[in-house]
Amino acid sequence: MVGGGYVNYIGSRQKSIQRRNLQGAMRVPREPSTTPVSARTVTLARMPLRYTSMQGAGNRILIVDARSASVEPPPEDVLRRLADEATGPGFDQLMWLFAPIRATSTASYRVFNRDGSEVEQCGNGLRCVARRLEGEAVDGRLQFDSPAGPVAATLGADGRVTVDMGVPEFEPAKIPFIADARRDQYELDVGGTTLTVAAVSMGNPHCVIDVADVATARVAELGPRIEVHERFPERVNVGFRHVVNRSTIDLRVFERGTGETLACGTGACAAVVSAQAAGRLDDTVTVNLPGGQLVVSWRGPGESARLTGNAELIEEGTLNL
C-alpha cells in the first residue's frame, strides 16, 4: 500500500514540474493522451521518416523506425530540437531503430537523451519499442540488439510489457565507478557532504541513495552534482529511493542527460537490485514513481532483471530529415 503522503506527492508533482529547457532544467513528458492519435509533420531536412511518440510510466519516448531507410540519427543539435516540444515532437529518450544484427532479432537500436547524448539502454523505451512492433512478435515475444547487448520483450495480454534487462553489474570498473573494491554501499563526497550510496550498472550506470521521503528528497540539488561526479567517469543516473516494505519502494530519478523525469526503467531496476543484493527486498518489487508503477523481478547473482510496465501510444507523425 502506498502511503498517503506519497499519493499526495504524485498529484502535486505531476502538476508542478515545469518543462525542461535545453540547458538542463527539469521537464515532464506530456500526460498520456485520451484523444485519437494525431498526425503532424516536423520539418528538419528532406527525407521523411515516420515517428511514434509513446509513454511508459510517464517517460516520454520517441521511436523512429529507420530499418528500411538505413538513415543514421541526426547530429546532437538536431536531436535537441526534436526533444524540445517548441521545435519538435518532444522526448525524454529517443529510440532509433536499425536492421537487426542477429537473425533472431526484430531490430537493433540506439538510445539518445533529450540533450542529444547517446546512452546504452532505456527500459521504458524498450517496452515502448516492443509495443510499437507487436505485430512482428512471435508467440508474444520479440528480441532486440541493444548497445548493452541482446534483450528480449514479452507482450502481456493486459497491455503491459515485460523486458529482460540483463544481468546487473556490481563490479565498480564495469559500471564504471571509481572504487578500490566492490561493496553494497560506498561513501561519496558531494560538495563536502558525505552520502552513502549504492552503485550498479543496468547497461548504463546508476547511483542510488536512500531517503526518508522521496517528496522532500534533494533531487534538484544533488542530482546534477552527482550526475557529473568525478568518480563516475561516464556520468551517472541518480535514484532517490525510499524502501516502504520488502516488496515496495518509492523512487525519483534524475536521469543523465535529461534531468528528473516521471519514470526511469533502468533506474527502477537499479534501485531494486541494489537493495536486493543487500538482502533488503524480496524477489519481486513494485516501484512507485511519479509517473506510475513498474514491477522489477530479480532472483540474484547471474540472473537477469525483469521489468514490467505499461507502454502507451501518444501520437504519430513525420520527421522530414
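No lab work stands behind these numbers, since they all come straight from the coordinates. These figures come from a predicted structure and were not determined experimentally. Heads up, the Cβs are rebuilt from the backbone with ideal geometry, glycines too, and the neighbour counts pull from every protein chain shown.
Find the centroid of the Cα atoms in the range 277-291 and in the range 170-186, then give the distance between the two in whole Å.
21 Å
Give a quick list of trypsin sites (Lys or Arg not before Pro) in the range 68-144 that DSSP marks as loop, anything other than H, G, I, E or B, with at most 16 other Cβ atoms within 10 Å.
Values: sites: ARG80, ARG81, ARG102, ARG110, ARG114, ARG127, ARG131, ARG132, ARG141; in loops: ARG102, ARG114.
When the trypsin sites (Lys or Arg not before Pro) of the range 68-144 are filtered for loop state and at most 16 Cβ neighbours within 10 Å, ARG102 remain.
For ALA86 and ASP139 in the same chain, what is the full-extension length gain: residue separation times 0.36 nm, less their Cα-Cα distance, in nm? Show your work: numbers first, answer last.
Details: separation 53, 0.36 × 53 = 19.08 nm, distance 4.04 nm.
Value of the extension gain: 15.0 nm.
If amide hydrogens are placed 1.01 Å from N in the peptide plane, which non-local residues have theirs closer than 5 Å to the one on THR248?
THR286
If I take every Cα pair under 8 Å that is 6 or more residues apart in the chain, average their sequence separation and divide by the length, what percent do I get for the relative contact order?
Values: 795 pairs, mean separation 74.8, N = 321.
In percent, rounded to a whole number, it is 23.
Mind jotting down the distance between the C-alpha centroids of the range 92-112 and the range 188-217, whole Å?
30 Å
Give the long-range amide H neighbours of THR261: residues separated by 5 or more places, or on another chain, with amide H under 5 Å away, using H modelled in the peptide plane at 1.01 Å from N.
Residues meeting the amide H criterion: VAL253, GLU255.
Considering only DSSP beta bridges with both partners in the range 195-258, what is the antiparallel share in %, to the nearest 5? Could the numbers behind the result be given before it?
Details: 12 of 17 bridges.
In the range 195-258, DSSP labels about 70 percent of beta bridges as antiparallel.
Specify the longest stretch of the chain that does not include any exposed loop site, a site being one of the GluC sites (Glu not before Pro) with a non-H, G, I, E, B DSSP assignment and at most 15 other Cβ atoms within 10 Å.
Details: sites that count: GLU85, GLU230, GLU234, GLU303.
Within the chain, the longest run free of exposed GluC sites (Glu not before Pro) spans 86-229.
Would you please calculate the Kirkwood hydrodynamic radius of the range 172-309 over all C-alpha pairs and express it in Å, rounded to one decimal?
Working: mean 1/r = 0.0682 Å⁻¹.
14.7 Å is the Kirkwood radius here.
How big is the chain in terms of Cα radius of gyration and Dmax, in angstroms?
Radius of gyration, then largest Cα-Cα span, for the chain: 18.5, 55 Å.
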